[in-house]
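Reading through the structure tokens given below for one structure.
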């Protein structure tokens, strides 16, 4: 009789896969290799007779080579930002195992890019032993790669890892990756090939799901009945999804555990994505939903926007989806006002900006989209989304009302020359307001540092007829100093009486202190990992001047100066500076 153990998440799969990596890696080494000093004269020694051991010169010891640890094998090319193979030199494996699960999805494009480079670069694994009873480093890394949406890289990474032992977790993971890529044929082919070899109930349920996906709900219902007859522990959500795909009407309000199988069945049943899944699911799940050909564009739109904002969906895919949305005539009247809260309104604005030929109409649509990005806390990704359209729009005096926003967006996407042209259209006042942004982006290659220093910048940021939160001004100073600008004790004097900002969580002290030591001792991967974790809070860049300023400074000290300036710029834009 078959033993059934129930569904397990992707994290457990990665754990099981990686559990046998160390054994397989060690198995590659073979017998010890002896290190022999060359003789003083070029005499060719005779080969030892079979079964004998060659003697070593005095003072030479035979040492076995350390086993090759494949935990950080990767294929990211240097042209795509790969970090050096010495990434983890000097770092202990125990620390990476503890800290790596803290890498969470983020709305910051800069942190997304650095996280991707850290996870996918090919490097010598950290040293030391894995703690007893801990999850393996390879398992945790695989889990993060998949959860953050890098499914193609995950499939390639599996192929680069040596494999020895029970192949069941590997086969299951391959099937689930195919489901996440919406390649149901490949996923179900894997299930058919493997189901006769394994005892886990997951394979039985996967076979039933594949019958639904193949358009045979009757056979799936029969399979479900057989499971019940065999008194298999029930999965009510799975059972409901199978029945819904067969035509029974159900209302699904929550799906806290959005597994690949469940998501495929939800799409097959033509059910809407529950709100809790949209807000809490891993980026890879949102990406799978957003790219499902089984669903109409309207139903995929919210997931696509969030997946793109989290870096799991290419922006070209979101642009294409926007153009598929059909908007009712009555919706056009309130499009601009609803852009901050309504995905359909944003789709219409994007279509207007891409299809209209009148510059003013295009500019108005772009303005509404960028303002919506500011409101939603997603300005950097919105700037990247509209970048091709904004670059087509020629700056002109009759569009001076767009200049400050357009310039900020162009600085955010590393197009400072075009941003400077828009700043000029806005006049002296706009250029003064944009000084901080331009200086953070360009440093000495941008506008000259004012004669009165930071005092002049503060006067622009806080004019007499406006009130700006002191914490924002303190943030401006922290960011400028972090990228090397010459702030003085007199500049800080005006802020020393400020109370700390309320409600801003501080990072873990262990991460903070370890990161400081890692940066000082040039442990690149460790210092970067610490910085990535502490620079965000709740999926967004931290707004605390001390923390974000330190994060920017540490990136610069690690030799990532370009990324440091990008992060400083993002923080300033997020604060509305």
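Since every read-out is calculated from the coordinates, none of them should be taken as a lab result. What you are looking at is a predicted structure, and each value in this text was computed from that prediction instead of being measured. We place every Cβ from the backbone using ideal geometry, glycine too, and count neighbours over all the protein chains shown.
Here are some notes:
- Burial ranking of peptide ranges 214-222, 376-384 (average Cβ count within 10 Å, highest at the top): 376-384, 214-222
- Per residue, the average separation of C-alpha pairs within less than 8 Å and at least 6 apart gives segment 309-429 a relative contact order of 19 percent.
- Part-to-part distance (alpha-carbon centres) for segment 347-426 and segment 482-559, which is given in Å: 31 Å
- Estimated FRET transfer efficiency when R0 is 22 angstrom, pair residue 394-residue 371 (beta carbons, to 0.05): 0.55
- Mean separation of Cα contacts under 8 Å, 6 or more apart, over the residue count of segment 164-241: relative contact order %: 18 percent
- Efficiency of FRET between residue 494 and residue 316 - r from beta-carbon atoms, R0 45 angstrom, step 0.05: 0.45
- Convex hull volume per residue in cubic angstrom - Cα atoms of segment 309-429: 104 Å³
- Contour excess over end-to-end distance, with Cα ends at residue 561 and residue 214 and 0.36 nm allotted per residue: 119.8 nm
- As a proxy for reagent exposure, 531, 78, 352 were ordered by neighbouring Cβ count within 10 angstrom, fewest first; the result is 78, 352, 531.
- Relative contact order %, segment 182-323, counting alpha carbon pairs below 8 Å whose residues are six or more apart: 17 percent
- Take the Cβ atoms of residue 248 and residue 520, set R0 to 45 Å, and the FRET efficiency comes out at 0.10.
- Residue order for 526, 243, 459, fewest other beta carbons within 10 angstrom first, comes to 459, 243, 526.
- Residues 202, 512, arranged from fewest to most other Cβ atoms within 10 angstrom of their Cβ, appear as 512, 202.
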